[in-house]
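In what follows, a structure is listed as structure tokens, so that the remarks can point back to it.
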Amino acid sequence: MLLRLKSACRRTICLICALLLATGLGFGGPGAAGGQGKATTLVQAKYAVLMDEGSGRVLYALNSSQRVPMASLTKVMTALLVLENGNLDQMVYISSMAAETGESTVSLEPGEILSRRDLLNVLLLSSANDAATALAESVAGSEDNFVAMMNSRARELGMNDTHFSNSHGLNAPDHYSSAYDLAVLSRKAMANPTFQQLVATKSAVLPWVGHPWPRFLVNHNQLLYRYSGAIGIKTGYTSEAGNCVIGDAQRGSLRLIAVVLHSPDVYGDIENLLNYGFNNYQALDLDNSGLNTVSIKVSGGVEPSVDAWPERQLIVAALPGEEGELSYKTTVLPVIAAPVKKGAVLGAVNILLNGSQVGAVDLLATSDIPAEPTFWARLSGVLHL
């Protein structure tokens, strides 16, 4: 299905600016960074990318596929996996290993018990390494098992220039990512409403059993206090990674993700990137009223098919004059084997500019489809009646 965007008010004057076309990936992939941005004076950072959150379109890139240390930006993946794999009200026993995780901490104590939800606040506001280890152990049983989950999820998201060695981001061999991959990760995380709420929170108070005062948490992300429309996401620093920030801001329907790595002026760089995006691009709604629910055949399930729907509204950052040049088409799996989990990626809505892919939105399963019981399972059920 290929639908051409219609606009009654197409502009006649086009802005001339650097436009990076993203190379299309597989299902749900927003496209590769496509090289370096030409307007390198936008940032002092060594590595940067500006991405349209709605479509995944890359608007600016500088050394965006270079593999480099990512410091506490690691914690975006940690938080995403906790949100995807657990009950946030589950209580977590703080182990000695978690309590002893060094550098940035909130002094978690061995034997202390906090909820996953509270630990996520500590993780994302105070960037606490001890909270990262505690959450990793809670979800996967051990830090090593959780790291395996992190790397598996990175591969699923198409983060080809990323490898994790821990859940917190302290310097370690083979612990690296790229500006582009971190934008991809942040885009996925920001599709989760709880993650959105957490990274936009400026401060929080948590109980501290055995102490006459509670824990006061203040979000380290200064972008929330100094940039109009800022809604996240995360800061980081180590001696190897330098100063790093992922920023997210919204004006109207346009939401932009900016990633800056190893910068002498992270917030100046982030603000320059966001200003560049908001000043030059507009949000266009690729009206999905023409996009019907996609039905995909299920093999071996209790239902013969499952419906899929876009993960988010089809909004793309566009230059003036591009309205009539944008279109989209759906690409789906011909069949999927049961069981199917609600939210599983079953295809993509590929966003095209003059026929070339510039972004994509995942098509997600709208329901769970269990596998059909085997003959022996059905027989066992009859015998137990």
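Here is how the numbers come out for the structure above:
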| read-out | value |
| --- | --- |
| Set LEU135, LEU170: member being of a type in the set (A, V, I, L, M) and not in a helix (DSSP H, G or I) | LEU170 |
| In segment 138-158, the residues that are of a type in the set (Ser, Thr, Tyr) and either within 18 Å of LEU185 (Cβ to Cβ) or assigned to a loop (DSSP other than H, G, I, E, B) (or both) | SER142, SER152 |
| Filter pass, SER127 being touching a Gly at 6+ places or on another chain (Cβ under 8 Å) and surrounded by 15 or more Cβ atoms within 10 Å (Cβ to Cβ) | yes |
| Verdict on VAL340 being in contact with a Gly (Cβ under 8 Å, 6 or more places away or on another chain), without any contact (Cβ under 8 Å) to a residue 60 or more places away in the chain and either β-branched (Val, Ile, Thr) or in the same structural domain as ALA200 (by TED's automatic domain parsing) (or both) | yes |
| All strands (runs of 3 or more DSSP E) inside segment 35-114 with 3 or more residues being in the same structural domain as ILE315 (by TED's automatic domain parsing) | none |
| Test for GLY277: is it part of a helix (DSSP H, G or I), in contact (Cβ under 8 Å) with a residue 60 or more places away in the chain and more than 22 Å from the chain's Cα centre (by Cα) | no |
| In segment 217-233, the residues that are over 15 Å from LEU124 (Cβ atoms) and under 19 Å from the mean Cα position of the chain (by Cα) | GLY229 |
| Residues that are more than 20 Å from GLY242 (Cα to Cα) and in contact with a Leu (Cβ under 8 Å, 6 or more places away or on another chain), drawn from segment 66-82 | THR78, ALA79, LEU80, VAL82 |
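Yes/no matrix, rows are residues, columns are (1) under 22 Å from MET97 (Cα atoms); (2) of a type in the set (A, V, I, L, M, F, W, C):
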residue	(1), (2)
THR133	yes, no
ALA136	yes, yes
ALA140	yes, yes
VAL147	yes, yes
GLY158	no, no
ALA179	no, yes
SER186	no, no
ARG215	yes, no
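Residues are listed down the side, and each one gets a yes or a no for (1) surrounded by 20 or more Cβ atoms within 10 Å (Cβ to Cβ); (2) closer than 30 Å to ALA360 by Cα:
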residue	(1), (2)
PHE195	yes, yes
VAL205	no, no
TRP213	no, no
THR235	yes, yes
VAL245	yes, yes
VAL259	yes, yes
ASN279	no, yes
ASN292	no, yes
SER295	no, yes
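The values are calculated or read from the model by the stated rules, or taken from the named source; none is laboratory data. All values derive from a computational prediction rather than experimental measurement. Virtual Cβ from ideal backbone geometry, glycine too; neighbours counted across all protein chains shown.
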